[in-house]
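Presented below is the structure to which this report refers.
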Amino acid sequence: MKTGGMSLSSGVAKNFAVDEVYPHRELDLGDFTEGNVRFRAVTIEYLLRLSAERRDRIRYYGGHFPYVTCELLGGDFCTLTILRDPVDRTVSLLRQLQRHAESIRNGDPQSAEPASFEEIYEQPQVYEPLVHNHQTKIFSMTSADNPRGYMQPVVIDDQRLALAKRNLEAVDVVGLTERHGEFIDQLTLRFGWQLNRDRRVNVTPSDSPALAESFRRRIEADNAIDMEFYEFAKELVDAREA
């Protein structure tokens, strides 16, 4: 989340027929009834339930998925991903969540104020599922974790980090948010896709208060493994370009 993937995916999808792209805006995203969670399309259980006929038709899967999803779907994928500095990614996520989160203080609805970044960060439904060494988690989950999706908490350690690095090396095209244009150029050259280098969707507004430097340092410390993983990603991208 918050690496520029939605901008990328929406652009890539335009190079395929509608029914060749997952998720399909009607088949997978069109049901918002109470019995269907909005995010079912990014759950592995839902993916595995797709019919063989449907999967034979799909040429492009786009979304937030653990890397192990490729294995669970049978392999033989050409893979691409985009990563972001963990602190910047977290800040962007917090800004987005702040737009939709309110904290009612003192039991008085009239005193409703936007929740602070710290309050949002510490929420159990935010920190472990969406922040804590999140990118390393995405690339280190295995079938033994009984993976359900990208929001599933997993304890990250040095062994997970080593696995995440090996898996990232196996990805065909790796990009960095801070070098988004270069990533688009790679995809255009390699696959012949028509892509808009400057296309941006789901951009988080930056009009909320700036983060205190102490809080940025806290995010960095909490996500030390992810910081190391991102440094590895930058070195990988540089080595491939060289």
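Of everything in region 69-103, what is hydrophobic (A, V, I, L, M, F, W, C) and either in contact (Cβ under 8 Å) with a residue 40 or more places away in the chain or part of a helix (DSSP H, G or I) (or both)? Give them in sequence order.
Cys70, Leu72, Cys78, Leu80, Ile82, Leu83, Val87, Val91, Leu93, Leu94, Leu97
Quickly run through region 228-242 and pick out the residues that are of a type in the set (A, V, I, L, M) and surrounded by fewer than 19 Cβ atoms within 10 Å (Cβ to Cβ).
To start, the set of residues in region 228-242 that are of a type in the set (A, V, I, L, M) comprises 233, 236-237, 239, 242.
If the condition is that a residue be of a type in the set (A, V, I, L, M) and surrounded by fewer than 19 Cβ atoms within 10 Å (Cβ to Cβ), then Leu236, Ala239, Ala242 are the ones that fit.
Cβ contacts < 6 Å: first residue under 8 Å from Asn133 (Cα atoms), restricted to region 219-233; second residue among the hydroxyl-bearing types (Ser, Thr, Tyr) and part of a helix (DSSP H, G or I), any location; separation 6+ or different chain. Result?
Ile225/Thr136; Asp226/Thr136
Scan region 133-150 and tell me whether some residue there is among the basic types (Lys, Arg) and free of Cβ contacts under 8 Å to residues at least 40 places away in the same chain.
Restricting attention to region 133-150, the residues satisfying the condition of being among the basic types (Lys, Arg) are 137, 148.
Narrowing further to those that are free of Cβ contacts under 8 Å to residues at least 40 places away in the same chain: none.
Looking for residues that are among the basic types (Lys, Arg) and free of Cβ contacts under 8 Å to residues at least 40 places away in the same chain, one finds none in region 133-150, hence no.
Count, please, the residues in region 37-75 that happen to be touching a helix residue (DSSP H, G or I) at 6+ places or on another chain (Cβ under 8 Å), of a type in the set (D, E, K, R) and either farther than 20 Å from Val18 by Cβ or surrounded by 17 or more Cβ atoms within 10 Å (Cβ to Cβ) (or both).
Here the count works out to 1.
Would you pick out the residues in region 132-148 that are of a type in the set (S, T, N, Q) and in contact with a strand residue (DSSP E or B) (Cβ under 8 Å, 6 or more places away or on another chain)?
Here is the first cut: in region 132-148, the residues of a type in the set (S, T, N, Q) are 133, 135-136, 140, 142-143, 146.
Result: Gln135, single match.
So for region 54-64 (the condition being among the aromatic types (Phe, Trp, Tyr), at pLDDT 95 or above and assigned to a loop (DSSP other than H, G, I, E, B)), does at least one residue qualify?
Looking for residues that are among the aromatic types (Phe, Trp, Tyr), at pLDDT 95 or above and assigned to a loop (DSSP other than H, G, I, E, B), one finds none in region 54-64, hence no.
Can you give me the number of residues within region 159-180 that are modelled with pLDDT under 95 and more than 18 Å from the chain's Cα centre (by Cα)?
0
Name the single residue, out of those in region 104-120 being modelled with pLDDT of 60 or more, out of contact with any Leu (no Cβ under 6 Å at 6 or more places or on another chain) and not in a loop (DSSP other than H, G, I, E, B), that is nearest to Ala224 (Cα to Cα). Lay out the reasoning, then the answer.
So the first thing to find is which residues in region 104-120 are modelled with pLDDT of 60 or more, and the list is 113-120.
Restricting the remaining residues to those that are out of contact with any Leu (no Cβ under 6 Å at 6 or more places or on another chain) gives 113-116, 118-119.
Now narrow it down to the ones that are not in a loop (DSSP other than H, G, I, E, B): 113-114, 118-119.
Numbers: Glu113: 31, Pro114: 28, Glu118: 18, Glu119: 21 Å.
Restricting to residues being modelled with pLDDT of 60 or more, out of contact with any Leu (no Cβ under 6 Å at 6 or more places or on another chain) and not in a loop (DSSP other than H, G, I, E, B), the top hit is Glu118.
Do you know which residues across region 5-39 are of a type outside the set (Asp, Glu) and at pLDDT below 85? Walk me through how you get there before you give the answer.
First, pick out the residues of region 5-39 that are of a type outside the set (Asp, Glu): 5-18, 21-25, 27, 29-30, 32-33, 35-39.
Gly5, Met6, Ser7, Gly30, Phe32, Thr33, Gly35, Asn36, Val37, Arg38, Phe39, listed by residue number.
For region 149-183, how many residues are more than 26 Å from Leu94 (Cα to Cα), out of contact with any strand residue (DSSP E or B) (no Cβ under 7 Å at 6 or more places or on another chain) and outside any helix (DSSP H, G or I)?
Total meeting the criteria: 0.
Restricting to region 190-202, give me the number of residues that are among the hydrophobic types (A, V, I, L, M, F, W, C) and at pLDDT below 55. Quick ask: steps written out before the conclusion?
Taking region 190-202 first, the residues among the hydrophobic types (A, V, I, L, M, F, W, C) are 191, 193, 195, 201.
Applying the additional criterion that residues be at pLDDT below 55 yields 201.
Total satisfying the criteria: 1.
Does Ala239 satisfy the criteria of being closer than 30 Å to Asn15 by Cβ and at pLDDT 95 or above?
Numbers: closer than 30 Å to Asn15 by Cβ: yes; at pLDDT 95 or above: yes.
So Ala239 fits the description; yes.
Keeping to region 135-158, report how many residues are closer than 11 Å to Ile225 by Cβ, surrounded by fewer than 17 Cβ atoms within 10 Å (Cβ to Cβ) and not acidic (Asp, Glu).
Just the residues of region 135-158 that are closer than 11 Å to Ile225 by Cβ, to begin with: 135-137, 140, 155-158.
Okay, now just the ones that are also surrounded by fewer than 17 Cβ atoms within 10 Å (Cβ to Cβ), so 155, 157-158.
Going one step further and asking which of them are not acidic (Asp, Glu), we end up with 155.
Result for region 135-158: 1.
The values are calculated or read from the model by the stated rules, or taken from the named source; none is laboratory data. Predicted model only: the values in this text are computed from it and were never measured. Cβ atoms come from the backbone with ideal geometry, glycine included; neighbour counts cover every protein chain shown.
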